[in-house]
1. So is A442 free of Cβ contacts under 8 Å to residues at least 40 places away in the same chain, open to solvent by less than 60 Å² (accessible area, probe 1.4 Å) and within 24 Å of F123 (Cβ to Cβ) or not?
2. State the number of residues belonging to the range 476-504 that are outside any loop (DSSP other than H, G, I, E, B) and under 18 Å from G183 (Cα atoms).
3. Which members of the range 445-475 meet the condition of being in contact (Cβ under 8 Å) with a residue 60 or more places away in the chain, of a type in the set (S, T, Y) and not in a loop (DSSP other than H, G, I, E, B)?
4. Within the range 19-56, restricting attention to residues that are at pLDDT below 90, assigned to a helix (DSSP H, G or I) and of a type in the set (A, V, I, L, M, F, W, C), which residue is most open to solvent (accessible area, probe 1.4 Å)?
5. Give the range 474-504 a look and list any residue that's touching a helix residue (DSSP H, G or I) at 6+ places or on another chain (Cβ under 8 Å) and of a type in the set (S, T, N, Q), or say none.
6. Give the range 412-438 a look and list any residue that's among the polar types (S, T, N, Q) and either open to solvent by less than 50 Å² (accessible area, probe 1.4 Å) or touching a Pro at 6+ places or on another chain (Cβ under 8 Å) (or both), or say none.
7. Looking at the range 487-509 only, could you name the residues that are under 23 Å from S119 (Cα atoms) and surrounded by fewer than 16 Cβ atoms within 10 Å (Cβ to Cβ)?
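The values are calculated or read from the model by the stated rules, or taken from the named source; none is laboratory data. Please read these numbers as outputs of a predicted model, since none were measured by experiment. All Cβ positions, glycine included, derive from the backbone under ideal geometry; neighbour counts span all protein chains shown. All accessible areas refer to the heavy atoms of the entire protein, side chains included, with ligands and DNA or RNA removed. Shrake-Rupley method; radii C 1.70, N 1.55, O 1.52, S 1.80 Å.
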Amino acid sequence: MEFACIKLALISIIILISIFPQTSISYDLETSFLQCFSSYSNSTTKVILTQNSSSYASVLQSSIRNHRFLNTSVPKPNLIVTPNDLFQIQTTIICSKKQGLQIRVRSGGHDYEGLSYISNVPFLIIDLINLRSITIDIKEESAWIQSGATLGELYYAIANQTNVHGFPAGSCPTIGVGGHFSGGGFGTLFRKYGLAADNVIDAQIVDVNGKILDRKLMGENLFWAIRGGGGSSFGVITAWKINLVHVPSRVTIFNIPKSLDQNATTLFMKWQSIADKLPNELFLHSVIGLVGASSSSDDGKKVLVSFTGLYLGKAENLIPLMQNSFGELDLKHDNCTEMSWIQSVLYFGGYSINDSLEVLLQRNQTSPSFKAKSDYVKEPIDISGLEGLWNMLLEEKAPTLIMTPYGGRMSEISESETPFPHRSGNIYDIQYLVSWDSNEEASKHIDWMRRLYAYMTPYVSKGPRGAYLNYRDLDIGMNIGNASYEEAKSWGMKYFNSNFERLAQVKHEVDPSNFFRDQQSIPPFSY
């Protein structure tokens, strides 16, 4: 079944009414919203949760992936709506507008700054947990996926029907399709096939007026905007149609870790010069962290650089390729493991390649508290810059830097093809991560992350300093209230470069009153 345009119709609406408000304001909001919602149906069972509903806390926490947002001081939604169909989303939008409630839309909860479930003004969450069906069409080599599905569920569904197809999206299986696709979405196949968003061929969205639109009805401007511009600025995206891509029946994985006393700095310098120039079939990223530190002492800490690769082919073809392009790494057959593509998904997701594929269906995995940032590198970082970086990493307990090589297909796609502009000219991107166990430590670790980011300024992209939307970072700028286009450029240009203006123009066309907004949403363009 495809999720094509559906006309407005009265479909059964399910409501749980449990109203024991803490303030008269919340009481009025909840009561008015529930009355509005129930006016469209006589049905009264569990779809809307108030703060006093017995399952409110468990549903709210179920897909909060960053534990620093589990603090009691973090603002909570007045209501959580878990729709079972599109009409319930339409009704939620209509009633939210009438009652002055903002909307946050959550698919997997991986938003690094929690914007899919946090607001400082009265708001509700549309949680898409119940909208997660996946329909694979192997003959057409395509699939329809509802936005509440996770990447793990998508990969599982593909693997159950074919061993020679895959999809170029992220490595973490608990990421929700809705946020990932709408922000761009890259993973181990993107040098061969581009972003997830590059492989979207249709979509379904409920707009600010409650209309259900497919690609034909929404038009090419809006369809362009939601493939990398962040869907939550434009409406509630409920489903995506994608092209599946071809993968060989056997792929090859390798991982070679090197410490600084094992020549890691020289190897990384060579990696910077070749990683984006390797054949499209080879994804070779670098993950930098620390080893050797105990919980009681920092003695013995070492910087470790791991060179991890996925090759779309067999080891016998990979070995000579690596000998010619990166002989210094000394890759041997013993370092390589051949497997199916879906086993490589398990590997990069942190599982054993021998695990049951059912692990990809687990949604409620916990994450520590963390802070992340991102950068793009256009010129290799010199040795003095790297040595300073290693020293900064040694100040922390659990830092991680993931260096993802570009080139390949990414250099062949115009930066204006989708809102995601970071294409040709980028050697690699950096994801900076730092995590901690106790929220009392948060400020110390976030301060370190900001100092690291400041240190890296001379070595990364400039004018603007680029950032990746799916590695959300409010430090680079945020909207204050109903911000203007000019005010939002401080952060918007970093994510989108010159595409930001077109995004704002699309926003003006489809949501001129700026109903769908948050701290980093696209504002309407002012003519």
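1. no
2. Summing the residues that are outside any loop (DSSP other than H, G, I, E, B) and under 18 Å from G183 (Cα atoms) in the range 476-504 gives 15.
3. Y453, Y455, Y459, listed by residue number.
4. Only one residue tops the list, namely I25.
5. N479, S490
6. T418, N426, Q431, S435, S438
7. Within the range 487-509, just S490 meets the criteria.
Yes/no matrix, rows are residues, columns are (1) within 30 Å of S435 (Cα to Cα); (2) in contact with a His (Cβ under 7 Å, 6 or more places away or on another chain); (3) modelled with pLDDT of 95 or more:
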residue	(1), (2), (3)
N71	yes, no, no
I80	yes, no, yes
P83	no, no, yes
I94	no, no, yes
Q102	no, no, yes
E113	yes, no, yes
S116	yes, no, yes
